[in-house]
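Taking it in order: structure first as structure tokens, then the write-up.
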Amino acid sequence: MATKLTTIATPQGPSATLIYNDWYPAMRSELLQGKELQTAMLMGIPLVLGRKTDGQLFAMRDSCPHRGIPLSCGWFDGQQLTCKYHGWAFEPVSGQCKEIPSLTSHDTLDATRIYGTAFPCEERDGYAWVYVPEPGSGRVRADESVLPPVPETPKFGPRFRSQHLTAELPCNVDHGIIGLMDPAHGPFVHQSWWWRKQASIHEKEKHFEPIDQGFRMSSHAPSANSAPYKLLGVYGEPITTTIDFVLPNRRYETIRAGDKWFSSLTTVTPTVANACRIDVYAAWNVFYRVPFVTTIATLFGKRFVEQDQVTMIQQAEGLKYDPTLMLIDDADRPAKWYFALKQARLEAAVSGQPMRHPMDGPVTLRWRS
């Protein structure tokens, strides 16, 4: 089961430009069972989601194309989704209308030529991932064969444990993402006996390199002031960490110690233009046989994400008034890269030209944390 943190009020801060034509996690897929329908808000789009009898997930815009009533108010029999208002029935994976009960033998309208808005929806790592195209780009599923691959957390063996965490953030996706990649807040936001303290701050040097749609903090020995990493020393193997950021919203972290490993995928997903949700999926085989390791990891992970959530709630109070902000070097350089990458992708989408990466080679950054 996922651990969900405190629900927060609708924010009043500034919105952000959204990146379309990509996959976003809409909700936990374990909630999609039987003939139950679930709703979610993704990038300002109300969705209705479910699972067909054959196990296939679907995601439709939660609006009947006839009169606009939410389709989630209707009925799902495991194969078709029927609107409550006039009984229009839809095959929910394609969105194709299969029946309009009011039509008579004298009508010439072909119901099967009508489509509700259906989005590609796939299950990975316990999430229902939904592909959201650019608004106004026509039939959503027309070019499904050329969609990018669905994101997935790297795994390095068949036996592992895993856990999910999620938290709502009252800020736009840009603030959520640059908070996610910020290397300098740890000793202040995450002050804990098991993580870091202000007294442990010291200078660090990390090497970065460009990758497709993002950048990588190259493989390195983890920080000496992080207690969880120290625990891996019991295996007697060199410990290395690699961190990738990939547009539009993904942070991958992989920790290796010989054949022992921990990996995670953290996403910051816009629910509406000025609010987002952080989801963390972690998988590991470290301490695989230690009793209650998943429970312990969940408790510490929940506390860690909750500290970020509380800070973002507090930050949202200041962001309500749209203040002038600043980014500095070197600690904020990853944030600058994110904004440059995002702008380059948005420009490429308009021009139709290949995206120009803002990094032209490896970069070394230094900061204190």
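The values are calculated or read from the model by the stated rules, or taken from the named source; none is laboratory data. A quick note: this is a predicted structure, and the numbers were derived from the prediction, not measured. A quick note on method: Cβ atoms are made from the backbone with ideal geometry, for glycine too, and the neighbour counts reach across all protein chains shown. Note: areas computed on protein heavy atoms with side chains; ligands, DNA, RNA excluded. Shrake-Rupley method; radii C 1.70, N 1.55, O 1.52, S 1.80 Å.
Using a 1.4 Å probe on the protein chains only, how many percent of the accessible area of the chain belongs to carbon and sulfur? Kindly include the intermediate steps, with their values, before the conclusion.
Values: 9560 of 18160 Å².
Within the chain, the accessible surface is 53 percent carbon and sulfur.
If each residue of separation counts as 0.36 nm, what is the full-extension length gain between Glu36 and Phe156 once their alpha-carbon separation is subtracted? If you can, show how the numbers build up before the last one.
Values: separation 120, 0.36 × 120 = 43.20 nm, distance 3.43 nm.
Working it through step by step, the gained length comes to 39.8 nm.
Quick check on my link table: of Lys206/Lys260; Lys155/Lys342; Lys260/Lys302; Lys35/Lys84; Lys155/Lys302, which ones sit more than 26 Å apart, alpha carbon to alpha carbon? Spell out each step's value before the answer.
Values: Lys206/Lys260 23 Å; Lys155/Lys342 28 Å; Lys260/Lys302 23 Å; Lys35/Lys84 15 Å; Lys155/Lys302 22 Å.
Correct reply: Lys155/Lys342.
Under the √(5λ) rule applied to the eigenvalues of the Cα gyration tensor, what semi-axes describe the equivalent ellipsoid of the stretch 241-369? Give them in Å, descending.
After scaling each eigenvalue by five and taking roots: 30, 22, 16 Å.
Mind computing the radius of gyration and Dmax over the alpha-carbon atoms of the chain? Å is fine for both.
Cα only, the chain: 22.6, 81 Å (Rg, Dmax).
With +1 on each Lys and Arg Cβ and -1 on each Asp and Glu Cβ, and nothing else charged, work out how big the dipole of the chain is about its Cα centre, in Debye to the nearest 20.
Details: 38 positive and 38 negative charges, 182 e Å.
Around 880 debye, computed over the chain.
Please enumerate, by chain and number, the aspartates and glutamates with C-alpha under 15 Å from the C-alpha of Lys204, excluding those fewer than 8 residues away in the same chain.
Candidates past the 8-residue exclusion: Asp182, Asp329, Asp330, Asp332.
Order these peptides, 22-28, 44-50, by their mean beta-carbon neighbour count within 10 angstrom, highest first. All intermediate terms of the calculation are to be shown ahead of the outcome.
Numbers: 22-28: 23.9, 44-50: 21.4.
Highest to lowest by the protection proxy: 22-28, 44-50.
Please sort 208-220, 273-285 by packing, taking for each peptide the average over its residues of neighbouring beta carbons within 10 angstrom, highest first.
Details: 208-220: 16.2, 273-285: 21.8.
Highest to lowest by the protection proxy: 273-285, 208-220.
With a 1.4 Å probe and every protein chain left in place, work out the accessible area per residue of the stretch 79-191 in Å², rounded to a whole number. Please list the in-between numbers first.
Working: 5370 Å² over 113 residues.
Result: 48 Å² of accessible area for each residue.
What 222 nm value per residue comes from the helices of the chain, counting each DSSP H run with n ≥ 4 as -39,500 (n - 2.57) and dividing by all residues, nearest 500 deg cm²/dmol?
Result for the chain: -5500 deg cm²/dmol, rounded to the nearest 500.
Give the aspartates and glutamates whose C-alpha is closer than 16 Å to that of Lys52, dropping any in the same chain fewer than 8 places away, or say none.
Partners found: Glu30, Glu36, Asp77, Glu91, Glu122, Glu123.
Give me the percent of Cα-Cα pairs in the stretch 294-352 that sit more than 13 Å apart, rounded to a whole number. Before the final figure, lay out the partial values.
Working: 1301 of 1711 pairs.
Here the long-distance tail beyond 13 Å is 76 percent of all Cα pairs in the stretch 294-352.
How big is the Kirkwood radius of the stretch 60-137, worked out from every pair of different alpha carbons and given in Å to one decimal?
Values: mean 1/r = 0.0741 Å⁻¹.
Taking the inverse mean of 1/r over all distinct Cα pairs, the stretch 60-137 comes out at 13.5 Å.
Under 10 Å, Cα contacts only: if you run a Gaussian network model on the chain, which one of Ser15, Ser351, Ser263 comes out with the highest mean-square fluctuation?
Highest fluctuation of the listed residues: Ser351.
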